[in-house]
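Below: the structure, in C-alpha cells.
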Amino acid sequence: MEQFRATAKVNALKALSPDHQAKVQAIASSVGSGSLTMRDGAKEINALLTPDESKAIDDQQQKLFALIQAARGGGNPPAPPPSGAPQPPSQDQGARPREGQRPDAGRFLLRLLIPAQEMRALRDQQPKPQ
C-alpha cells in the first residue's frame with residue numbers, strides 16, 4: 001500500500017508546474033505544522049491548481065483507489081448506503097471521494113504529502129463535533 005501511495009505522490013507532483021509544486025509543498029507544511037487547517041489548506045491548493053492539474057490529480061486519486069481495491073481483493077466498492085443514511089468513515093484515507101462527492105484534488109494532495117502519523121495527530125487535535 002505504501003508503494004502505491006508513493007507512486008501516486010510522485011505522479012501527482014509531476015502533474016504540477018514547478019511553481020505550483022513549491023506552493024503546494026508550502027501549504028502542506030503549514031497544514032502539517034497545525035498553522036493551517038486541512039480544510040483551508042485544501043481550499044488554497046484547489047484555488048491554485050489549473051483545471052488540467054486538478055484533472056491529473058483526480059486521475060491519480062482514482063488510480064490509487066483502484067490499486068488499493070485490487071490489492072484488497074475487491075474490484076468494486078460496496079454499494080452506497082440509502083439516501084440520507086450516515087456515511088461510514090473512509091478506510092482509504094481520502095483515496096476516493098464518497099458517493100456523490102466531487103473529487104478534491106487539494107485534500108488528496110495533502111493526504112499524500114503529510115505523513116500518516118502527522119495526519120492522525122492533526123485529527124486528534126481537532127475538536128469533536130457535538
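FYI, it's all coordinate maths here, none of it is from the lab. All values reported here derive from a predicted model rather than from experimental measurement. Virtual Cβ from ideal backbone geometry, glycine too; neighbours counted across all protein chains shown.
Structural remarks
- Cα gyration tensor shape of the stretch 31-70, rounded if a/c is under 1.5, else prolate or oblate by comparing a/b with b/c: oblate
- For Leu49, distant residues with modelled amide H under 5 Å away: none
- Partner aspartates and glutamates whose Cα lies under 18 Å from the Cα of Lys9, excluding those fewer than 8 positions away in the same chain, are identified as Asp19, Asp52, Glu53, Asp58, Asp59, Asp92, Asp104, Glu118.
- Applying the Karplus relation 6.51 cos²θ - 1.76 cosθ + 1.60 with θ = phi - 60° to the stretch 57-72 yields 3J(HN,Hα) values of 5, 4, 5, 5, 4, 5, 5, 4, 4, 4, 5, 5, 4, 5, 5, 7 Hz, where x marks Gly and Pro.
- Relative intensity, log₁₀ I(q)/I(0), of the stretch 1-75 from a Debye sum that treats every alpha carbon as a point, q = 0.28 Å⁻¹: -1.23
- Proximal charge balance of Met38 [Cβ under 13 Å; K/R count +1, D/E count -1]: +1
- Global form of the stretch 1-41, assessed from the alpha-carbon gyration tensor, a/c cut-off 1.5: oblate
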